[in-house]
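Some notes on the structure that comes next.
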Amino acid sequence: MLPNDRIAEYCRQAAEQIRWRRARPAVMWELEQHLQDQQEAYIRQGHGQEQAARMAIEQMGDAREVGQALDRAHRPQTPWFPLIAVIVLLALGAALQVALTQQMMPLASYAVAAGLFTLGYFGDISWLGKHAMELYLGVLIIAAALLIGAEPVAGTAVFHLDPISLYLCYLALLFPLFYGLFLYGMKGLGMRGILFSVLGYLPFALILWLIPTLSGLLIYSTSAGVMLAAAIRKSWFGAKLGHPGLQIAAPVLLPVGALAVALLSVRGIRLQVFLNPRQDAADSGLIYCRLRDAVAKAAFWGEGNADLSMIPDLSENYALLYGIQEFGLGAFAGLMLLVLAFGTFCIIGAMRQRSMLGTLLVLAAALTVTLQAFVYAYANLGYGLWDTLSFPFLSRGNTALQLDALLVGLMLGAMRTGVWIGDPKQPQRTVRFLRIER
């Protein structure tokens, strides 16, 4: 038997002890690399190639015992806290929508959402990394085509294809994920990688501004800035990145620039009414007054005494306000603490991921879901300066519900299988449209 065949056979025997089949290829590769490195060390000491291979294997130990140890280390790590939190939110959302609509139809949407969550949770996350740039470009082309074919409805772009109407503002839920895949394709490009990352952010931001959805633009931009900062911190672009100030400025530029655009897009009178809605309580300040009055009449625990019949689109835009009136501000505070804990737990988990792919996927989903929830929450309290998307799993809206479920499923899937997800040792193939020489 040739020395390399001896090492390969040893790795195969060890990998047979690993019950999680998906982890076997990555484990075999790492084990084989370690044995070959040890073999090279023995060769440099003057041993023959075959003897060096035998000595490296003997040092490693019995293949069965090594495989059993690797089996214990390479098992899916179920993220129990966020998994239970998602299940609770799905159950609460289904019950809340049935109560609001007095129909059982919402249960069908929640069943589909549960299926998409399961698909993301048990899917092969590594496939996204293998096709990162293709997916980014594909989503960009599809989003641009949808925007071109859309029509304005109540100030936002809607794409109609009977019997489906797609509100394009919900693209903001997908864009952070696919921008993260763009970042994943920038491995080892140094300062050029950071520059390309800023440029890669712009097309999605422009689409969101044209839709328009200012809250979606802010959510996307904040998520993109955090992901870019994480990539820089983990040396994804390489060691030579130029002046440290540039490394800090690039991630900060994205959310700050988006916030400036959002503030400039708000007309003076609208800002004045937001700050003091009583000055125009019969017109543009009416909804602010009604919302703030309803919150003021809520109890801390239990049912309040506000009349919500005058609140438009209650099940879609103000589902939390209904919950505040039914269960009190204390229950609302508990819910927001749960969302904050969920987001914090997932963001910390993202930075502990073994691979950059896992880090970017978890950050994209965690930030999107958490920011989306808080934007929706402050609007329900009567302080929404910009449009809202939805509250993940609780507010009505089939598109947002399905996308949030898929996002969270992918995120928890990455946390579950992060132990075996590996990044490429070499940069990915050339991205010709950017003229990147690798």
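The values are calculated or read from the model by the stated rules, or taken from the named source; none is laboratory data. The shown structure was predicted, so the numbers you read here are calculated from the model rather than taken from an experiment. When we count neighbours, we look across all protein chains shown, and the Cβ atoms used for this are built from the backbone with ideal geometry, even at glycine. Accessible surface is based on the protein model in full, side chains and every heavy atom, while ligands, DNA and RNA are left aside. Shrake-Rupley method; radii C 1.70, N 1.55, O 1.52, S 1.80 Å.
Would you say residue 338 is assigned to a helix (DSSP H, G or I), over 13 Å from the mean Cα position of the chain (by Cα) and in contact (Cβ under 8 Å) with a residue 60 or more places away in the chain?
yes
Out of (1) under 30 Å from residue 224 (Cα atoms); (2) open to solvent by 50 Å² or more (accessible area, probe 1.4 Å), what's the single condition that is false for residue 125?
(2)
Please work out which residue is farthest from residue 142 (Cα to Cα), limiting yourself to the stretch 201-211 and to residues that are surrounded by fewer than 23 Cβ atoms within 10 Å (Cβ to Cβ) and in contact (Cβ under 8 Å) with a residue 60 or more places away in the chain.
The residue in question is 210.
Tell me which of these residue 393 doesn't satisfy, since it passes every other one: (1) hydrophobic (A, V, I, L, M, F, W, C); (2) in contact with a Gly (Cβ under 7 Å, 6 or more places away or on another chain); (3) surrounded by fewer than 24 Cβ atoms within 10 Å (Cβ to Cβ); (4) not in a helix (DSSP H, G or I).
So residue 393 meets the others, but not (3).
Out of all the residues in the stretch 269-302, which are open to solvent by 30 Å² or more (accessible area, probe 1.4 Å), at pLDDT 70 or above and of a type in the set (Phe, Trp, Tyr)?
Answer for the stretch 269-302, where residues must be open to solvent by 30 Å² or more (accessible area, probe 1.4 Å), at pLDDT 70 or above and of a type in the set (Phe, Trp, Tyr): 300, 301.
Looking at the stretch 303-321, which of its residues are open to solvent by 30 Å² or more (accessible area, probe 1.4 Å) and part of a loop (DSSP other than H, G, I, E, B)?
Across the stretch 303-321, the qualifying residues are 303, 305, 307, 309, 310, 312, 313, 318.
Confirm whether residue 385 is open to solvent by less than 40 Å² (accessible area, probe 1.4 Å) and at pLDDT below 90.
Considered against the rule, which asks whether it is open to solvent by less than 40 Å² (accessible area, probe 1.4 Å) and at pLDDT below 90, residue 385 comes out as yes.
Would you be able to tell me the number of residues in the stretch 386-397 that are in contact with a Pro (Cβ under 9 Å, 6 or more places away or on another chain) and over 14 Å from residue 216 (Cα atoms)?
Matching residues across the stretch 386-397 total 1.
Can you tell me which condition residue 343 does not meet? The list is (1) within 18 Å of residue 80 (Cα to Cα); (2) of a type outside the set (Val, Ile, Thr); (3) touching a residue at least 60 places away in the same chain (Cβ under 8 Å), and all the others hold.
All conditions pass for residue 343, except number (3).
State the number of residues belonging to the stretch 61-80 that are modelled with pLDDT of 80 or more and surrounded by 13 or more Cβ atoms within 10 Å (Cβ to Cβ).
Final tally of qualifying residues: 1.
Of the residues 168, 189, 147, which single one is touching a strand residue (DSSP E or B) at 6+ places or on another chain (Cβ under 8 Å), buried (at least 16 other Cβ atoms within 10 Å of the Cβ), more than 21 Å from residue 409 (Cβ to Cβ) and touching a residue at least 60 places away in the same chain (Cβ under 8 Å)?
The unique qualifying residue is 147.
Restricting to the stretch 322-365, give me the number of residues that are more than 20 Å from residue 89 (Cβ to Cβ), open to solvent by less than 50 Å² (accessible area, probe 1.4 Å) and out of contact with any helix residue (DSSP H, G or I) (no Cβ under 9 Å at 6 or more places or on another chain).
Number of matching residues: 0.
Based on this model, can you work out whether residue 141 counts as modelled with pLDDT of 95 or more, β-branched (Val, Ile, Thr) and under 27 Å from residue 225 (Cα atoms)?
Yes, satisfied.
Cβ-Cβ under 6 Å, sequence separation 6+ or interchain: first residue in the stretch 295-311 and within 19 Å of residue 383 (Cα to Cα), partner part of a loop (DSSP other than H, G, I, E, B) and among the aliphatic types (A, V, I, L, M). Which pairs?
295/381; 297/306
Give just the number: which of (1) among the acidic types (Asp, Glu); (2) within 29 Å of residue 418 (Cβ to Cβ); (3) at pLDDT 80 or above does residue 30 not satisfy?
(3)
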